[in-house]
Amino acid sequence: MNNGLYVVATPIGNLDDISKRALEVLTQADVIACEDTRVTRKLFALLSLDANKPFITYQDHNEEQQAQKLIDLINEGKALALVSDAGSPLISDPGYKLVRKCREQGVKVWTVPGCCAVISALQLSGLPTNRFMFAGFIPNKEKAREDLFKELCSLNSTLVFYETAQRIVKTLGVAQKYFQNREIAVAREITKLYEECLNGTAEELIQHFENNQPKGEMVLMVAPPNEPSASEIDVETLLKEKLKNMTLKSAVKEIADTYHLNKNNVYELALKLKNDQL
Ligand code: SAM
C-alpha cells in the first residue's frame, strides 16, 4: 500500500454500509488516526479488523499540533487512515487542517468515500437537491443561532444543518420565525432501526416532537424560499433594466436562467422591446 493519507468514511448506523475499499484500506493501513480510540477500536472489532494496530487520537482541540506528527509518520513511509467516530471525516469532524497541510507539503491524499449524514438526509427528504447549503451544527447560543438563520434565510437553496434531539424543539421555534411557511424536514436515526424523515412546517414538527419525545441523531433541512411563479415575474421590466447595460443575448440568458423561463419567449419579447425603441 502506498504511503499517504487515506480519508476513510465509516458507517453512520448500519455496519453493512462500510465499503469494500474502506475495509481494505483499514486492514492495510499502518496507523489509524481517529477521534476516540475506544469508539474506533470497537468499530474495528465489530468489523473483524485488527484492533491492535497503532491508533492515534486526532481531535479538533489537538488538530494543529497532531497534524505535523501524522505527516512525519507518512513521510517515514507509513500509510495513515483518518476516520471519525462515524461518517465522513472533515464533515463537521476533524481533518481539514491535516488534509490542507498534506497538500501544502506535497503529501498524497486519497479519499475513500462512503456514508455522510448530510447526503443521506437530503436523499430521504424529498426537498430540492440541485442546490443545497450545508451549514454544519446550529450554534447553541441564542444570538448566534438567530444570526445564522438571518444570514441564510434569503438564500435560494435547501439548507441543511446538524442538530441534536435535545435542542430540536427550541431550534424549530427559531426556524418558525425566520423560515415562515417553508417546508422543513427532520431526518433521524438514518440507516438505523428507527430511521425516519418527517416533513412539515416548523409548527407541525414542534407539535410532533411535543407528542413524541425527540430521540437519536438528527439532520434538519429547510426548503428553499418559494420562487415567484412565471406569471408573477415582470419580464418586460427586467429586460428593460438589463438591456441598459447588457447585450440582448446576455440579458435574455440571465433572465431565463434566473427565473427558469423559456429562452425563446424571453428572446421574442426582448426583440420586440428593441424594435419598439428604434
Ligand atoms: N461526519 C459525519 C458525517 O459525515 O455524517 C457527521 C459527524 S457530526 C459530529 C454528527 C452529527 O451528524 C449528528 O449530531 C447528527 O446531526 C448527524 N448524524 C450522524 N449520524 C446520523 C444518523 N445516523 N442519523 C441522523 N443524523 C446523523
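In this entry, residue 94 passes the filter for residues that are outside any helix (DSSP H, G or I), more than 6 Å from the ligand (Cβ to nearest atom) and free of Cβ contacts under 8 Å to residues at least 60 places away in the same chain.
Annotation: residue 175 fulfils all but one of (1) among the aliphatic types (A, V, I, L, M); (2) surrounded by 14 or more Cβ atoms within 10 Å (Cβ to Cβ); (3) more than 16 Å from the chain's Cα centre (by Cα); (4) farther than 30 Å from residue 257 by Cα; the unmet one is (4). Of all the listed residues (166, 180), the sole one being farther than 27 Å from residue 18 by Cβ, within 16 Å of the ligand (Cβ to nearest atom) and exposed (fewer than 14 other Cβ atoms within 10 Å of the Cβ) is 166. Given the options 8, 25, name the one that is over 14 Å from residue 95 (Cβ atoms) and either of a type in the set (Val, Ile, Thr) or modelled with pLDDT under 95 (or both). None of the others qualify; the one that does is 25. Name the one entry in 67, 45 that is closer than 26 Å to residue 162 by Cβ, modelled with pLDDT of 95 or more and either outside any loop (DSSP other than H, G, I, E, B) or hydrophobic (A, V, I, L, M, F, W, C) (or both). The unique qualifying residue is 67. For segment 128-147, name all the residues that are over 14 Å from the mean Cα position of the chain (by Cα), of a type outside the set (Lys, Arg) and part of a loop (DSSP other than H, G, I, E, B). Correct list: 139, 140.
To keep it simple, each residue is scored yes or no on (1) out of contact with any Phe, Trp or Tyr (no Cβ under 9 Å at 6 or more places or on another chain); (2) without any contact (Cβ under 8 Å) to a residue 12 or more places away in the chain; (3) surrounded by 12 or more Cβ atoms within 10 Å (Cβ to Cβ).
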position: 112; (1), (2), (3): no, no, yes
position: 122; (1), (2), (3): no, no, yes
position: 138; (1), (2), (3): no, no, yes
position: 141; (1), (2), (3): yes, yes, no
position: 155; (1), (2), (3): yes, no, yes
position: 159; (1), (2), (3): no, no, yes
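Kindly provide the set of residues from segment 98-127 that are in contact with a strand residue (DSSP E or B) (Cβ under 8 Å, 6 or more places away or on another chain) and assigned to a helix (DSSP H, G or I), ordered by number. Once the filter is applied, which keeps residues that are in contact with a strand residue (DSSP E or B) (Cβ under 8 Å, 6 or more places away or on another chain) and assigned to a helix (DSSP H, G or I), segment 98-127 yields 98, 99, 102, 103, 117, 118, 120, 121, 122, 124, 125. Total residues in segment 7-58 satisfying the condition of being in contact (Cβ under 8 Å) with a residue 60 or more places away in the chain and within 16 Å of the ligand (Cβ to nearest atom): the figure is 13.
Listed here are the residues, each with its yes/no results for (1) in contact (Cβ under 8 Å) with a residue 60 or more places away in the chain; (2) farther than 20 Å from residue 135 by Cβ; (3) surrounded by 18 or more Cβ atoms within 10 Å (Cβ to Cβ); (4) within 15 Å of the ligand (Cβ to nearest atom).
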{"residue": "192", "(1), (2), (3), (4)": "yes, yes, no, yes"}
{"residue": "195", "(1), (2), (3), (4)": "yes, yes, no, yes"}
{"residue": "207", "(1), (2), (3), (4)": "no, yes, no, no"}
{"residue": "213", "(1), (2), (3), (4)": "no, yes, no, no"}
{"residue": "217", "(1), (2), (3), (4)": "yes, no, yes, yes"}
{"residue": "222", "(1), (2), (3), (4)": "yes, no, yes, yes"}
{"residue": "225", "(1), (2), (3), (4)": "yes, no, no, no"}
{"residue": "234", "(1), (2), (3), (4)": "no, yes, no, no"}
{"residue": "239", "(1), (2), (3), (4)": "no, yes, yes, no"}
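Report, by residue number, each residue of segment 170-188 that is more than 11 Å from residue 224 (Cα to Cα) and aliphatic (A, V, I, L, M). Result: 172, 174, 175, 185, 186, 187. Filtered by the rule that a residue be aliphatic (A, V, I, L, M) and either in contact with an Asp or Glu (Cβ under 9 Å, 6 or more places away or on another chain) or within 28 Å of residue 26 (Cα to Cα) (or both), segment 136-152 gives a lone residue, 138.
The values are calculated or read from the model by the stated rules, or taken from the named source; none is laboratory data. Bear in mind that the values here come from a model prediction, so they are computed numbers and not experimental data. Please note: Cβ atoms are built from the backbone with ideal geometry, for glycine as well, and neighbour counts cover all protein chains shown.
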